[in-house]
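Presented below is the structure to which this report refers.
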Amino acid sequence: TVSTGTTLTIPAGTFVKIAYNGINVSGTLLVDGTAASPVTFTSIKDASIGGDTNNDGATTTPKVGDWSGINANSGATIRIDRAVVRYSTYGVSSSAASTTIRDSSFTKTSWTAIDLSSPGGFPTNTGGLSTPVITGNTITDHGTDAPAIAISNYNGGYDLRTANLSNNTSTGGGAHQM
């Protein structure tokens, strides 16, 4: 959990393994991966990075939906640069939060990889409209009944006229791509 008023910065090359729940953000989450050293968010059962951290040998293997994902609450700020997100229910779910996701990959999600919604209205601390930046991302093997990227603008919380939604690709997700 990243509480209101706090900032969590995750440096390049870090891997974060999660057992069940996800990362709940009410403050600021800054993910600073690089092309050579992305930040990886994955299941505790994923021994392909960081080894067998749940100490069960080959008893368990990762699967879609092992952990819930990264959830940004109203008023939060997330900036994710060059991350790898795998084996979650959703990759990032952002509800009326300031959201930037660039050059990242999402794979093996059981639902939508990137979900932006604005049920609470104005997401910024200054009362202005948030302008999401979702660019250069690759989404593979997401839920078959879910779009790769979903955007819903219930109460005008996102200004989609100026949103930067570009160069995202999606494969292997069934009928709904983007």
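Laid out as a table, the results:
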quantity: Within segment 77-117, backbone nitrogen closer than 16 Å to the virtual label 7 Å beyond the Cα of Ser37 toward Cβ; calculated: 81-84
quantity: Cα point-scatterer Debye curve for segment 1-96, base-10 log of I(q)/I(0) at q = 0.13, 0.16, 0.23, 0.24 Å⁻¹; calculated: -0.43, -0.65, -1.18, -1.24
quantity: Where labels lie 7 Å past Cα in the beta-carbon direction, separation of Asp52 and Tyr20 in nm; calculated: 2.4
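Computed from the coordinates by the stated procedures, all read-outs in this text should not be read as laboratory data. Predicted model only: the values in this text are computed from it and were never measured. Methodologically, a virtual Cβ is constructed for each residue, glycine included, from the backbone with ideal geometry; neighbour enumeration extends over all protein chains shown.
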